[in-house]
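Everything below concerns the one structure shown next.
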Amino acid sequence: MVTHKIPSLKIGDLEINPPIVQGGMGVRVSGSRLASAVANEGCAGIIASVGLGAFEDASITEFVKLNNDALRVEIRKARSLSKGVIGVNVMVVLSNYEELVKVCVEEKVDMIISGAGLPLDLPKQTAGSNIKLIPIVSSARAFSIIYRKWKQNYNKVPDAVVLEGPMAGGHLGFGFDDVVGDKAPKLEQLVIELVDYVNTLEENIPVIAAGGIFDGHDIAKFLSLGASGVQMATRFVCTTECDVHDDFKQAYITAKKEDIAIIHSPVGLPGRVILNEFTKRVTKGETIPFRCPHHCLRSCNPRTAPFCIAKVLTDASKGRLNNAFVFAGSNAYRCTEIVSVKTLIDELKAELVSSLQ
């Protein structure tokens, strides 16, 4: 495979080639096994920090320690398996957000990718470290807020930025009406707007496009629009190294285009899932009683939520799909086989090279 034709994604002193960041997928979907395999191919491997510990029956005090310890273990495992770029995705909306960031700092990860809210104080929480800080945003406007706040309050700017569009899997940073039908904004336009804004700044801040990117031809397209790299998640579910249960992966393989849809999540956001019997039950108004000793998401109201999203995603990660659903990107139905991470990256590189010629 010829790699010299493929441009690198450069984030400070990190060089990522091919310019692919593997998206962080929780709960327990992208862990050390997947992240290290991706990093070994020259890309950035990302551990999703949400819900890594066996928190299901834990109290609030146990909940924090369990997840801290589990994240530390995953980072160290990934480091033992790869000398490549290893990062962690930490969602702002998590009630233990600051604790997880602290673990990332102590373990000296290469990057923290942070979305699901505006990480306005992330530079303060990582002061003194060389960790690359990469917010996830859904618009140039959201990024401009982060950029100005970081610069004003901490004399720091983001090392890169992920622009995640409405075709991504899982919880989406858009209103429900903005992601259904033809009204959804196009990722291409969102990327162009962000690139235009970043080009007005004095610093060089790489833009990473995300949400619905499926193959090397897609990567080439976003590079041509001014992005420096892409973030991909859905494709990495259907790899042998992905940390999730095989039945979760199989849901992607058997899904049809019409099976992928947007539902209302209990946390107040639209979520893209693969429809199944469980989604039919909850969309008809069925509620699944639960107790919540830890309140893991700040935006969730356990008193009004029809079901516990943390339990549902935990059950999904274990393959218990009778009581759960699977988050997936808009192109998940195009996945037809489980392959190794190396095979997938080689395929993406070949497609990218052919598109760049």
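Derivation of every value follows stated rules applied to the coordinates shown; laboratory data play no part. This is a predicted model, so every value here is computed, not measured. Methodologically, a virtual Cβ is constructed for each residue, glycine included, from the backbone with ideal geometry; neighbour enumeration extends over all protein chains shown.
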Practice item. With label points built 7 Å along Cα→Cβ from the Cα atoms of residue 246 and residue 357, find their separation and express it in nm. Key: 3.8 nm
Study note, to complete from the structure: Here the percent of antiparallel bridges among DSSP beta bridges lying wholly in the chain, to the nearest 5, is 35 percent
Check your understanding: Under a plain spin-label model, where a point goes 7 Å from the Cα along Cα-to-Cβ, how far apart in nm are residue 224 and residue 141?
Key -> 3.0 nm
Revision key, fill the gap. Amide H contacts under 5 Å for residue 23, restricted to residues at least 5 apart in sequence or on another chain and with H modeled in the peptide plane, are 232, 233
Study note, to complete from the structure: Amide H neighbours of residue 239 at under 5 Å, excluding residues fewer than 5 places away on the same chain, with H built from the backbone geometry, are 339
Check your understanding: What shape does the range 62-148 have by the C-alpha gyration tensor, where a ≥ b ≥ c are the square roots of the eigenvalues, rounded means a/c under 1.5, and otherwise prolate means a/b greater than b/c and oblate the rest?
Key -> prolate
Revision key, fill the gap. With R₀ set to 51 angstrom, the calculated FRET efficiency between the beta-carbons of residue 130 and residue 283, to the nearest 0.05, is 0.65
Review point. Rounded, prolate or oblate: which one fits the chain, using the alpha carbon gyration tensor with axes a ≥ b ≥ c (rounded when a/c is under 1.5, else prolate when a/b beats b/c, else oblate)?
Key: rounded
Exercise for review: May I ask you to sort 313, 81, 352, 194 by Cβ crowding, counting other Cβ atoms within 10 Å and putting the fewest first?
Suggested key: 81, 313, 352, 194
Review point. Using unit Cβ charges (K, R positive; D, E negative) and no other charged atoms, how large, in debye to the nearest 20, is the dipole of the range 170-227 about its Cα centre?
Key: 140 debye
Check your understanding: Rounded to the nearest 500, what is the chain's calculated 222 nm mean residue ellipticity when only DSSP H runs of at least 4 contribute -39500 (n - 2.57) each, over all residues?
Key -> -10500 deg cm²/dmol
Exercise for review: Return the FRET efficiency for the residue pair residue 108, residue 350: r is the Cβ-Cβ distance, R0 is 30 Å, and the value is rounded to the nearest 0.05.
Suggested key: 0.30
Revision key, fill the gap. Contour minus Cα-Cα span, residue 258 to residue 13, at 0.36 nm per residue, comes to 83.9 nm
Study note, to complete from the structure: Length gained, residue 176-residue 149, 0.36 nm per residue minus C-alpha separation, equals 6.9 nm
Check your understanding: If you project the alpha carbons of the range 146-289 onto the principal axes, what extent comes out on each, in Å, largest first?
Key -> 52, 32, 32
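Using the per-residue mean of other Cβ atoms lying within 10 Å as a proxy for protection, in what order, highest first, do the peptides 179-188, 233-242, 328-337, 140-149 fall?
Working: 179-188: 14.1, 233-242: 23.7, 328-337: 19.5, 140-149: 17.2.
So the peptides 179-188, 233-242, 328-337, 140-149, ranked by packing, come out 233-242, 328-337, 140-149, 179-188.
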**Study point:** the chain: DSSP helices with Cα axial extent of at least 24 Å and average Kyte-Doolittle hydropathy no lower than -1.0
**Key:** 60-81
Point to revise | Sequence-separation-based contact order of the chain, relative, with Cα cut under 8 Å and 6+ spacing, percent | key: 19 percent
**Study point:** Label-point separation in nm, residue 69 to residue 340, each point 7 Å along Cα→Cβ
**Key:** 3.5 nm
Revision key, fill the gap. Taking 248, 174 and counting other beta carbon atoms within 10 angstrom, the fewest-first order is 174, 248
Practice item. Just rank 274, 338, fewest to most, by other beta-carbon atoms within 10 angstrom. Key: 338, 274
